[in-house]
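The values are calculated or read from the model by the stated rules, or taken from the named source; none is laboratory data. Since we're looking at a predicted model, the values are computed, not measured. FYI the Cβ positions are ideal-geometry reconstructions off the backbone, even for glycines, and counts take in every protein chain you see. Side chains are part of the model used for accessible areas, which takes the heavy atoms of the whole protein and leaves out ligands, DNA and RNA. Shrake-Rupley method; radii C 1.70, N 1.55, O 1.52, S 1.80 Å.
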Amino acid sequence: MDDFHYSSEAENVLSLFYQAEVMVYVEGDDDICFWETIFNKSSSLKVEVQDVGGCEELKKFITRLLEEDLQVIVACDSDLTCFKEQQMSDSRIIRTPGYSIENTFICLDGVYKAIKTLGKIPKKIMDTIDLEAWNDDFYNKLEPLIKFDIYNFINDKGVSVIGDNADRFMKSKKSNIICSEKISNFISQLNEKFEGADLSEVEKLITEKEIDLRSWLRGHFLFSAIHRLISTITEKYGKGISLSHEALYSNLINTFESNFTEQHPEFNYYKDRITAISL
């Protein structure tokens, strides 16, 4: 949206132009398909989803929503805001239950289907690939870093803990396995930067809020790891592919759209949040 924006009066009737009941604003164009699926599958609300052109623009829009009482919805990533008390709370602001949309739409079923179809790998070979074991190993090794990421956020340290790319923590350029030694060395560096981090506050929050740490891994980091996983497996067992991030996103989102039913573990979370919206 850049610097242009409608007046509050215009915003509150803009949905009529799109023959929708309400406008839903999201951060970027990658978010549109995801949130359309969320609203279409978990509510009867007819919405028009549009992106505002970035994180900072969305923050400005949230401020406008609250100050001008806009009759619109903002749908966004939670990031790590729930770990601080100053999170803006309003029924018109719908946040993901984990760090980002990637933590919701990326699942092992989607990864399995992407590997099988993109790599044209037969089922008998797919049955030998243990994605569950990879997943457990991946998160078990990264959970200490997720705690440091939360600590960094709570204490405003301004240190890049996990980042957006998983490549630097892989065992090699052609591996999809997280290297324990690289993680351990990086944690030592973090302890030096933090002058000895006391994670007890983080541990307390995890217990009190019954937090599943796996849901709070940064979305871009997770996506890059899945991209590496799919690329390396298809190269090893099937048809080597040049997989763009856009192609992988489309593939995973399509599977998510099919899988997002009442049986999905986060279906009720989104349904309850949308049902509670007061306009």
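The condition (being within 30 Å of G158 (Cβ to Cβ) and among the hydrophobic types (A, V, I, L, M, F, W, C)) is satisfied by just one residue among F267, F260, F221: F221. Across region 145-163, the number of residues qualifying as farther than 12 Å from F186 by Cα, under 19 Å from the mean Cα position of the chain (by Cα) and outside any helix (DSSP H, G or I) comes to 1. Can you pull out the residues in region 195-217 that are hydrophobic (A, V, I, L, M, F, W, C) and either open to solvent by 10 Å² or more (accessible area, probe 1.4 Å) or under 20 Å from the mean Cα position of the chain (by Cα) (or both)? A197, L199, L205, I206, I211, L213, W216, L217 - these are the residues of region 195-217 that are hydrophobic (A, V, I, L, M, F, W, C) and either open to solvent by 10 Å² or more (accessible area, probe 1.4 Å) or under 20 Å from the mean Cα position of the chain (by Cα) (or both). Out of L118, L142, L190, L205, one residue alone is part of a helix (DSSP H, G or I) and modelled with pLDDT of 95 or more. It is L142.
The strands (runs of 3 or more DSSP E) found entirely in region 9-86 that carry 1 or more residues being touching a residue at least 60 places away in the same chain (Cβ under 8 Å) and surrounded by 15 or more Cβ atoms within 10 Å (Cβ to Cβ) are 22-26, 73-76. Sub-7 Å Cβ pairs linking a first residue in region 150-165 that is touching a residue at least 24 places away in the same chain (Cβ under 8 Å) to a second residue that is open to solvent by 70 Å² or more (accessible area, probe 1.4 Å), at least 6 apart or interchain, are I154/E201; V159/K193; D164/H220, ordered by first then second residue. For region 44-96, a residue qualifies if it is touching a Cys at 6+ places or on another chain (Cβ under 8 Å) and among the basic types (K, R), and exactly one does: R95.
Checked against the criterion of being among the hydrophobic types (A, V, I, L, M, F, W, C) and within 30 Å of Q71 (Cα to Cα), the candidates I230, I211, I274 yield just one match: I274. Restricting to region 46-96, name every residue that is of a type in the set (A, V, I, L, M) and under 21 Å from F221 (Cβ atoms). L58, L80, listed by residue number.
Scanning region 238-248 for residues that are open to solvent by 30 Å² or more (accessible area, probe 1.4 Å) and either at pLDDT below 90 or within 18 Å of N103 (Cβ to Cβ) (or both) returns G238, K239, G240, I241, S242, H245. State whether the residues of region 218-232 include one that is open to solvent by 50 Å² or more (accessible area, probe 1.4 Å) and farther than 16 Å from I115 by Cα. Yes, region 218-232 contains a residue that is open to solvent by 50 Å² or more (accessible area, probe 1.4 Å) and farther than 16 Å from I115 by Cα. Each residue in region 121-133 was checked for being open to solvent by 20 Å² or more (accessible area, probe 1.4 Å) and assigned to a helix (DSSP H, G or I), and 5 pass. Just give me the residues in region 141-165 being under 26 Å from E210 (Cα atoms) and in contact with a His (Cβ under 9 Å, 6 or more places away or on another chain), in sequence order. The answer is G163, D164. Residue-level analysis places V111 outside the set of residues that are among the β-branched types (V, I, T), modelled with pLDDT of 95 or more and assigned to a strand (DSSP E or B). The test for being farther than 27 Å from T128 by Cβ, modelled with pLDDT of 95 or more and open to solvent by less than 50 Å² (accessible area, probe 1.4 Å) does not hold for E262.
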